Amino acid sequence: MFATIVSILPQFLEILRVIEHELLLFAAFWFIIGIVDELAIDLVWLWLWFRGRTQDPALPSAFEHSPLGGDIAVLVPAWREDKVIGAMIGHALRVWCQRELTLYVGCYANDAATIAAVIASADGDARLRLVIHDRHGPSTKADCLNRLYAALCFDEQRSGRMFAGVVLHDAEDMVHAAELALIDRALEHAEFVQIPVRPQPQPASPWVAGHYTDEFTEAHAKSLVVRDALGAAIPAAGVGCGFARATLARIAALRDRQGGVGPFAEECLTEDYELGLLVSRVGGRSRFLRVRDAAGSLVATRAYFPSDLDAAVRQKARWIHGIALQGWDRLGWQGRGVDLWMALRDRRGPMIALVLFAAYVLLVIEGILSLADLAGWRRSGGLTPSLELMLTVTFAGFVWRSFWRFAFTAREYGLAEGTRSLLRTPVANFISILAGRRALFAYIRVLRGEVVRWDKTLHDDHPALVASGAMR
């Protein structure tokens, strides 16, 4: 037996070396494409920084209490959110003092716990409007939002007064006091406004939950800033985003002609992302706004993101499925060159997962071949000069990317989190690989006729429940 293994070992190692070479070419090529893409974003950001356009402006101290220019509706869909919806509503109604606000919360008849939590949180505030869906849940988030939109339209017909804007939020969000006034002012000059999302650190989950802080900080402090400066369409994050009422009605009419029942696409897993891009396609202007309040705190939506591996994979798989795979089908490739570039960036999730998988397979192969070398089984040849150059560029790009991630995370969360962001890279990569696989299989099932369901993340805690001193 041992003699047989020894006899076939040279052939096995030679096969591994061939696989190693091909995977090196594949991974290095696509890593370099990604490096060039990110470098272009970096250079635009540096140009903006040099021009002084990356500094977050500060709002005056009384801004958050400013009356609104028109009525604003905030839509919050909820399914099995009884643990957090009360904290969300209580905090929002407390920090948003404007009387022009109506907070619409959508629940399902078969979710008594969430309904009870919403009622308990009202505290007699007439600005809260509970809407109970006529369908049993869960349907989809977009379906729940369309039910809220229908209630909004009914209230407008009954009162004879139109809302000026519509803001979207989730049950787990902790809103900022200045958000409504900021979005209200911005909608005077734009049809869609997005403010940043700021994941809150969770000491109990520094790796899985922590990797969201790295990704969102870089995306919402650099990528979307560049996107806004270039005039590209801005995708909606689904929270902290405001739409001009007339624009939302125009999109609803467009969907009605296509057989829909409201502005939100019920068959799409990322209806918020799609809605943001549709604003640009119907001729509206989009803005991404980063500002800070008088105390220096970022005006952003704060939330706890998934803290365990399975929940993180499911959430990211939903994003990849909706943005990359459904987005290709539903939105196609339209617009100016800058919009096509951003669409490519948005839809690269499956390719990133594949390239990362190839890279980690390479690590295993390299380990086996290194052990063989130590045992005296020398490799038949070295790397070609072109492949050596590609690997050098790839390594330099990795160092460059790590610097940017550290810098942005450290600026927002401190040096300790910035350092951890470097150590979290393998965790983020592993989640991306698993999410890409899950998204692909889910997409195949939908193509075979499976109905899209609200594969939502369950939430057990809310930032507003922690001591006020924990908020930065």
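The values are calculated or read from the model by the stated rules, or taken from the named source; none is laboratory data. Please read these numbers as outputs of a predicted model, since none were measured by experiment. Cβ atoms come from the backbone with ideal geometry, glycine included; neighbour counts cover every protein chain shown. For the accessible areas, the whole protein counts, side chains as well, though only heavy atoms, and no ligand, DNA or RNA atoms are used. Shrake-Rupley method; radii C 1.70, N 1.55, O 1.52, S 1.80 Å.
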Of (1) within 21 Å of the chain's Cα centre (by Cα); (2) surrounded by fewer than 21 Cβ atoms within 10 Å (Cβ to Cβ); (3) not aliphatic (A, V, I, L, M), SER286 satisfies every one except (2)
Would you confirm whether any residue within the stretch 394-417 is among the hydrophobic types (A, V, I, L, M, F, W, C), in a loop (DSSP other than H, G, I, E, B) and touching a residue at least 40 places away in the same chain (Cβ under 8 Å)? no
Of the candidates ALA359, ALA353, ALA324, the one satisfying the condition of being surrounded by 18 or more Cβ atoms within 10 Å (Cβ to Cβ), in contact with a Lys or Arg (Cβ under 9 Å, 6 or more places away or on another chain), within 30 Å of LEU16 (Cβ to Cβ) and in contact (Cβ under 8 Å) with a residue 40 or more places away in the chain is ALA353
Those residues of the stretch 461-472 which are in a loop (DSSP other than H, G, I, E, B), modelled with pLDDT under 75 and closer than 18 Å to SER307 by Cβ amount to VAL466
Screening ARG80, ARG94, ARG51 for residues that are basic (Lys, Arg) and touching a Ser or Thr at 6+ places or on another chain (Cβ under 7 Å) leaves only ARG80
Considering residues that are outside any helix (DSSP H, G or I) and more than 13 Å from the chain's Cα centre (by Cα), the number found within the stretch 305-346 is 7
Scanning the stretch 110-122 for residues that are within 24 Å of GLU156 (Cα to Cα) and surrounded by fewer than 19 Cβ atoms within 10 Å (Cβ to Cβ), the one modelled with the lowest pLDDT turns out to be ALA122
All conditions in (1) at pLDDT 95 or above; (2) at positive phi; (3) surrounded by fewer than 24 Cβ atoms within 10 Å (Cβ to Cβ) are true of GLY238 except (1)
Exactly one of ASP293, ASP310, ASP272 is closer than 28 Å to PHE408 by Cα, of a type in the set (D, E, K, R) and open to solvent by 40 Å² or more (accessible area, probe 1.4 Å), and that residue is ASP310
In the stretch 99-109, anything open to solvent by 40 Å² or more (accessible area, probe 1.4 Å) and of a type in the set (A, V, I, L, M, F, W, C) is listed as ALA109
If you go through ALA73, ALA92, the only one that is surrounded by 13 or more Cβ atoms within 10 Å (Cβ to Cβ), small (Gly, Ala, Ser) and part of a helix (DSSP H, G or I) is ALA92
Result of the Cβ filter at 6 Å on the stretch 421-436, keeping first residues that are free of Cβ contacts under 8 Å to residues at least 12 places away in the same chain and over 14 Å from ASP214 (Cα atoms) and partners that are open to solvent by less than 40 Å² (accessible area, probe 1.4 Å) and assigned to a helix (DSSP H, G or I), at least 6 apart or interchain, is none
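Residue-by-condition table, conditions (1) β-branched (Val, Ile, Thr); (2) over 26 Å from ALA221 (Cβ atoms); (3) touching a Leu at 6+ places or on another chain (Cβ under 7 Å):
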| residue | (1), (2), (3) |
| --- | --- |
| ARG245 | no, yes, no |
| ALA249 | no, yes, no |
| ARG281 | no, yes, no |
| SER286 | no, no, no |
| ALA294 | no, no, yes |
| ASP308 | no, yes, no |
| ARG318 | no, no, yes |
| ASP329 | no, yes, no |
| TRP333 | no, yes, yes |
Among ILE119, ILE115, the single one that is free of Cβ contacts under 8 Å to residues at least 12 places away in the same chain and either assigned to a loop (DSSP other than H, G, I, E, B) or more than 26 Å from ALA252 (Cβ to Cβ) (or both) is ILE119
Would you check if there is a residue in the stretch 47-64 being of a type in the set (Lys, Arg), without any contact (Cβ under 8 Å) to a residue 60 or more places away in the chain and outside any loop (DSSP other than H, G, I, E, B)? no
Picking from ALA181, ALA186, the residue that is among the small types (Gly, Ala, Ser), open to solvent by less than 10 Å² (accessible area, probe 1.4 Å) and either within 29 Å of TRP96 (Cβ to Cβ) or touching a strand residue (DSSP E or B) at 6+ places or on another chain (Cβ under 9 Å) (or both) would be ALA181
Pairs returned, first residue in the stretch 292-310 that is more than 18 Å from ASP461 (Cα to Cα), second residue that is open to solvent by 10 Å² or more (accessible area, probe 1.4 Å) and of a type in the set (Asp, Glu), beta-carbon separation under 8 angstrom, 6 or more apart or interchain, are ARG292/ASP56; ASP293/GLU64; LEU298/ASP56; LEU298/GLU412; VAL299/ASP293
Residues in the stretch 145-184 that are within 16 Å of LEU248 (Cβ to Cβ), assigned to a helix (DSSP H, G or I) and touching a residue at least 12 places away in the same chain (Cβ under 8 Å) total 11
Worksheet item: Can you spot a residue in the stretch 189-211 that is over 30 Å from ALA294 (Cα atoms), aliphatic (A, V, I, L, M) and modelled with pLDDT of 95 or more?
Response: yes
Within the stretch 76-89, restricting to residues that are open to solvent by 10 Å² or more (accessible area, probe 1.4 Å) and in contact (Cβ under 8 Å) with a residue 60 or more places away in the chain, the one that is nearest to ASP461 (Cα to Cα) is LYS83
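Rundown of residues vs (1) open to solvent by 50 Å² or more (accessible area, probe 1.4 Å); (2) closer than 30 Å to ARG302 by Cβ, yes/no style:
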residue	(1), (2)
GLY367	no, no
SER370	yes, no
GLU388	yes, no
PHE398	yes, no
ARG405	yes, yes
